[in-house]
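What follows is a single structure, written as structure tokens, with notes after it.
The values are calculated or read from the model by the stated rules, or taken from the named source; none is laboratory data. Remember, predicted model here, so these are calculated numbers, not experimental data. Cβ: placed from backbone, ideal geometry, glycine included. Neighbour counts: every protein chain shown.
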Amino acid sequence: MLHARIRTGRDAFHFIAEVNAYNLQTLRQHVRQSLRESDDLALSMRIDRADQPAFERHTARWLPALIKAGTCVELNVGPRAPDQDAA
């Protein structure tokens, strides 16, 4: 599971989704749109440890470029969420 927060000087946008190519592309589009509207952007993300390989695969092209361009990016990888274990 992915929980991302795009923060600008004016507001914050939360994006919660499964880690897959479509959702990470959608997140990228939201980040790009936010960058058009504000230079002051920070991206915080939390993913489950089990989703890390898929996350890395689907963000390998755009996330490093975003960081290199100077965007503040925070990624936390945690254990699986407790509510998912009960399912």
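Things worth noting here:
- Considering only residues in region 51-87 that are among the small types (Gly, Ala, Ser), at pLDDT below 95 and under 18 Å from residue 20 (Cβ atoms), the one that is surrounded by the fewest Cβ atoms within 10 Å (Cβ to Cβ) turns out to be 87.
- Lone qualifier among 19, 31 - being surrounded by 11 or more Cβ atoms within 10 Å (Cβ to Cβ) and either modelled with pLDDT under 95 or outside any helix (DSSP H, G or I) (or both): 19
- Any pair with Cβ under 6 angstrom, 6 or more apart, that starts in region 41-66 at a residue that is over 15 Å from residue 5 (Cα atoms) and without any contact (Cβ under 8 Å) to a residue 40 or more places away in the chain and ends at one that is assigned to a helix (DSSP H, G or I) and small (Gly, Ala, Ser): 58/21
- Region 8-20: number of residues that are more than 12 Å from the chain's Cα centre (by Cα) and of a type outside the set (S, T, N, Q): 4
- Subset tally (residues that are outside any loop (DSSP other than H, G, I, E, B) and either touching an Asp or Glu at 6+ places or on another chain (Cβ under 7 Å) or under 15 Å from residue 74 (Cα atoms) (or both)) for region 34-48: 8
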